[in-house]
Amino acid sequence: QARALRRLPLLIGFITLSIAIVVALVTALLFVLGFQTRADEFGLLLALGRGRGWLAGRLAKEAAFLSAVGWVLGVLLGLAVAWTYRAGWLEPNGILMRLPDERPILWSAVVPVLSALVSAVVLVRHLRRLDPVQILQRRAG
């Protein structure tokens, strides 16, 4: 049993990394859906002379910003729930819990970084295949 407890951080780390990967993929999927709904806007910007690099940078900044905002809101919500749980159930039952615990919060910062990176890579791949002429013809027709 002591051996299992020593390996608990390794198991928690693996679970956390798995969740981070799933969240990054779901976030990338949401960004791709947003990209597809805004394809006309991006095609028009490309047709007006904006470079793919400029647009890729803009999309990467947008992904990073939204991921960071989501992480901050998630941490704040998580802390509020943890404080409520601690005050309403743990402490009345004699269970002590230190809040905030900085380590999990810092480790959770991997999630928005990974989400932003995966989203940026996926969006850049979609941006390379974007044909502004086709978009303009589709809008005109």
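The values are calculated or read from the model by the stated rules, or taken from the named source; none is laboratory data. Note that the structure is a prediction, hence the values are computed from the model and not measured. In this analysis, Cβ positions are derived from the backbone assuming ideal geometry, glycine residues included, and neighbour counts consider all displayed protein chains. Remember, those area values only see protein heavy atoms, side chains included, never the ligands or the DNA or RNA. Shrake-Rupley method; radii C 1.70, N 1.55, O 1.52, S 1.80 Å.
Which value, in Å² rounded to 10, gives the accessible area of T37 with a 1.4 Å probe and all protein chains present?
About 120 Å², ignoring ligands and nucleic acids.
Tell me, in nm to one decimal, what length is gained between D101 and V133 on full extension, where the rule is 0.36 nm per residue of separation less the Cα-Cα distance?
Numbers: separation 32, 0.36 × 32 = 11.52 nm, distance 5.28 nm.
Gain on extension, D101 to V133, equals 6.2 nm.
E102 accessible area, nearest 10 Å², 1.4 Å probe?
Counting only protein heavy atoms, E102 exposes about 100 Å² to solvent.
Who wins for biggest fluctuation among L96, L33, L123 in a Gaussian network model of the chain, springs between alpha carbons below 10 Å?
Of the options given, L96 has the highest mean-square fluctuation.
Accessible area per residue of segment 32-120 at 1.4 Å probe, in Å²? Before the final figure, lay out the partial values.
Details: 5670 Å² over 89 residues.
Roughly 64 Å² per residue, with all protein chains present.
Using the Karplus curve 6.51 cos²θ - 1.76 cosθ + 1.60 with θ = phi - 60°, work out ³J(HN,Hα) for each residue of segment 110-123 in order, rounded to whole Hz, and write x for Gly and Pro.
5, 4, x, 5, 5, 4, 5, 5, 4, 4, 4, 5, 5, 5
Pick out, from I15, V32, L55, the residue whose Cα sits farthest towards the positive end of the charge dipole of segment 1-61, with +1 on the Cβ of Lys and Arg and -1 on the Cβ of Asp and Glu.
I15
How about segment 49-141: which trypsin sites (Lys or Arg not before Pro) there lie in a loop by DSSP and see at most 15 other Cβ atoms within 10 Å? Don't skip to the answer; put the middle values down first.
On the way: sites: R50, R52, R58, K61, R86, R98, R125, R128, R129, R138, R139; in loops: R50, R98, R129.
Here the sparse-neighbourhood loop sites are R50, R98, R129.
Percent of Cα-Cα pairs more than 22 Å apart in segment 22-112, please. Before the final figure, lay out each step's value.
Details: 2012 of 4095 pairs.
So the portion of pairs separated by more than 22 Å is 49 percent.
Want the number for R86 to L117: 0.36 nm per residue separation, take away the alpha-carbon distance, what's left? Mind showing how you got there, number by number?
Details: separation 31, 0.36 × 31 = 11.16 nm, distance 3.46 nm.
So the chain would gain 7.7 nm between R86 and L117.
Positive end of the charge dipole of segment 13-141 (Lys, Arg +1 and Asp, Glu -1 on Cβ, about the Cα centre): tell me which of L44, S119, A82 has its Cα farthest that way.
Checked the options; the winner is L44.
Using the basic label-point model (7 angstrom from Cα toward the beta carbon), what is the V26 to R52 distance in nanometres?
Output for this residue pair reads 3.2 nm.
Using protein chains only and a probe of 1.4 angstrom, how many square angstrom of I105 are accessible, to the nearest 10?
Only protein atoms counted, so the area is about 50 Å².
In segment 30-137, carbon and sulfur make up what percent of the accessible area (probe 1.4 Å)? Intermediate results must be reported in sequence, preceding the final value.
Numbers: 4830 of 7030 Å².
Taking all protein chains in place, segment 30-137 shows 69 percent carbon and sulfur surface.
Given +1 on the Cβ of Lys and Arg, -1 on the Cβ of Asp and Glu, and no further charges, what dipole in debye does the chain carry about its Cα centre, rounded to the nearest 20? Walk me through the numbers before you get to the answer.
Working: 16 positive and 7 negative charges, 87 e Å.
With only Lys, Arg, Asp and Glu charged at Cβ, the dipole is about 420 debye.
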